[in-house]
Structure formats: C-alpha cells, structure tokens
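None of the figures in this text is laboratory data; all of them are computed from the coordinates on show. Since the structure is predicted, the reported quantities are computational estimates derived from the model, not experimental observations. Because the Cβ atoms are built from the backbone with ideal geometry, glycine has one as well, and the counts that use them run over all protein chains shown.
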Amino acid sequence: MKRTLPFALLLAFGACAIGATPGVHPLTEDEYLRSRELMVPVQGVSRRQLRDTYSAPRGGGRAHLALDIMAKKGTRVLAADDGYVLRIDDNELGGRTLYLSDPSRRFIYYYAHLDKRVYGLEEGQRVKRGQLLATVGTSGNAPKDAPHLHFQLMRMASGKQWWAGTPINPLPYLVTKGDER
C-alpha cells in the first residue's frame, strides 16, 4: 500500500516547489499560489484597499493585466514573496522596474513605475517576503500626478523566459497586509 503525505506536510516540505513526489498529486497552480500567501507589496496597504484593475482597458484594445496599487510617492515597495531578483531594468513604459521570482521560479512578480530602488539590490540576489525593494513613483509612462506601483504576476514562460510570462490576476493571492520586515 502506498503512503502519501498529508497536504499540510507537503506545503511544509515544499514538495510543490521541487516537483511531484511519487504517490502524491502535485499542487495545482492555484493551490500553490494560495499557499504562498502573498503580501501586498506596498507598505501599509491591506487587501481590502486594493481595486481590481487587472481587466481595465488600455490603449490599442488591450487589457491592463496587472494591478495598480495607488500610494503616496516614496511609499515603501516590498517583496510580495520570498524569491530571487531576476532583472533590474529601466524602460520607457515601466520606468524603473524589477522582475522577481518565487522560490521555485515558477512565477514572476513584476514591479514598475518605481521612484527609487534600494541601493545594493542585485540580480540573482535572494529576497525575503516584506523586504524593502524600492519606493512608489511615477517613472515610465505613469501619470505624474498618480504615483502607484504597477504589480504584475506571471507564470514563467518555457525556457525560463521571465520577460514573456503569461499574466495571472494577482488579486486573489494577495492576502497579507504590506509590512516591512
């Protein structure tokens, strides 16, 4: 008779992050993301303060595919989850940006329109949930009178192409109030 570990033990041992265990069904994408209990990535902002801007229309008939978390310029931007810094970049649309991953590198967290990034932050660096990453701003194409964090959750694309991930609405997974640690 095959024995399987209870669901709570799977989460504790991270079986979902290292692949399927013989005789145990791996977590679905939704179960895995819910188990991460993502933190709202802006200091002091709770889930109930968020507005769902994921499907909001944008130019060219496209949808937003991210959340805009409104906050005063200079408010601290935090890591929503434990993970790794994949890319630190500046571009015309997002302005000052960061791409992070979850610990298993299955999902990407994209932070855009940042004002300032933390000095010394480096690609490949490990981060902890609640760690200070940057401050809210209006860089890139953000309206100068509407500082906010553009936060996007994406499924990692095949070949670990972090820039080409499939967007997922992060709102259902942001459960913990933003609290710097």
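General observations
- Along the chain, longest interval not containing exposed GluC sites (Glu not before Pro), exposed being DSSP loop plus at most 10 other Cβ atoms within 10 Å: 1-91
- Region 36-181: translational diffusion in µm²/s, Stokes-Einstein, Kirkwood Rh over Cα pairs, 20 °C, 1.002 mPa s: 144
- Helical runs (DSSP H, four residues minimum) scored at -39500 (n - 2.57) apiece and divided by the length of the chain put the mean residue ellipticity at 222 nm at -2500 deg cm²/dmol.
- Check: region 92-138 dipole with +1 on Lys, Arg Cβ and -1 on Asp, Glu Cβ, in debye: 240
- For region 103-114, putting each phi into the Karplus relation 6.51 cos²θ - 1.76 cosθ + 1.60 with θ = phi - 60° gives couplings of x, 8, 6, 8, 10, 10, 10, 10, 10, 9, 6, 5 Hz, in residue order, rounded to whole numbers and with x for Gly and Pro.
- C-alpha center-to-center spacing [region 150-180, region 105-125] in angstrom: 12
- Scanning residues 5 or more positions from D82 or on other chains, those with amide H under 5 Å from its amide H are R129, with H placed 1.01 Å from N in the peptide plane.
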